[in-house]
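One structure below.
The values are calculated or read from the model by the stated rules, or taken from the named source; none is laboratory data. Because the structure is a prediction, the values reported are computed rather than measured. Note that each Cβ is placed from the backbone with ideal geometry, even for glycine, and that neighbours are counted across all protein chains shown. Please note that ligands, DNA and RNA were not included when accessible areas were found on the heavy atoms of the full protein model with its side chains. Shrake-Rupley method; radii C 1.70, N 1.55, O 1.52, S 1.80 Å.
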Amino acid sequence: RTRDAGERAAAREVVRVFAILFDDYHVDRQPAITIPMRDALVHFVDSLGPADVVALMDPLTSLSDLQFSRSRASLEATIKTWEGRQGQIFPIKSVARIRAQVSLSALEALVTYLGGLKEGRKTVIFVSQGPYIGAMSDLNQDVERVIRAANRGNVTINTMDPRGLGLTPFGGGDVPYRLAHETGGRAIVNTNNLAGGLEDVVADASAYYLLGYTPARDFNDGKFHRIDVKVDRRGLRVVARRGYWA
């Protein structure tokens, strides 16, 4: 019922922690997109267990206003008000860059905050059609900072493009896959089954291994080192971080 109580609940290792960042800057305001997106997220919230906690935010939400909740009615009421505003104001490059920076900064702040709650896994769902990195190569550094912060804090980022199957792919090119795959998450992209993708996210948060790894070398070279996690049982798909920054 209070922010402090929500933080104390989220810090317990037996509690699953979820945060949904609705990137309204990069979601089209169309019923064909908005309605399925809301329905999938409401179904996701409704499917969670009684001990799970969820925080909702948008790119302009201050961390001081972020609050974890178990109230399904309150969470669902907020989700049902979400509408995208991509293309509003002026669709010029400078505005696109600023909005992309704001969205990625909000995501970085969120994963950093979640990383400080506890050691166990925390799950973020980044609902967005972008941001549009494309020619804005300078934003790649922002993406890398998000990934580093998430991996340091054991935060899994799952990206969800609310557009349906066959529509324009996620605007950031490989960004959704990088955010998801390099943090051990899932990219729910180019599909009409958004709810099914979110069910996989819940399953991933329900049973997982937290492995420690110490490299043989005794210095940090500042480079990214790839790690492949494999199992010897056939028919399994491994979802894990792709490596680490030294």
Enumeration of residues in the stretch 127-142 that are more than 27 Å from ALA195 (Cβ to Cβ), at pLDDT 85 or above and of a type outside the set (S, T, N, Q):
ASP142
Do we find a residue being touching a residue at least 60 places away in the same chain (Cβ under 8 Å), in contact with a Lys or Arg (Cβ under 6 Å, 6 or more places away or on another chain) and assigned to a helix (DSSP H, G or I) anywhere in the stretch 86-107?
no
Only residues that are among the aliphatic types (A, V, I, L, M) and buried (at least 18 other Cβ atoms within 10 Å of the Cβ): list them for the stretch 51-82, please.
VAL53, VAL54, ALA55, LEU56, MET57, LEU66, LEU75, ILE79
Within the stretch 147-181, work out how many residues are closer than 24 Å to ARG38 by Cβ and modelled with pLDDT of 85 or more.
10
What number of residues in the stretch 8-50 are open to solvent by less than 50 Å² (accessible area, probe 1.4 Å), outside any helix (DSSP H, G or I) and free of Cβ contacts under 8 Å to residues at least 40 places away in the same chain?
2
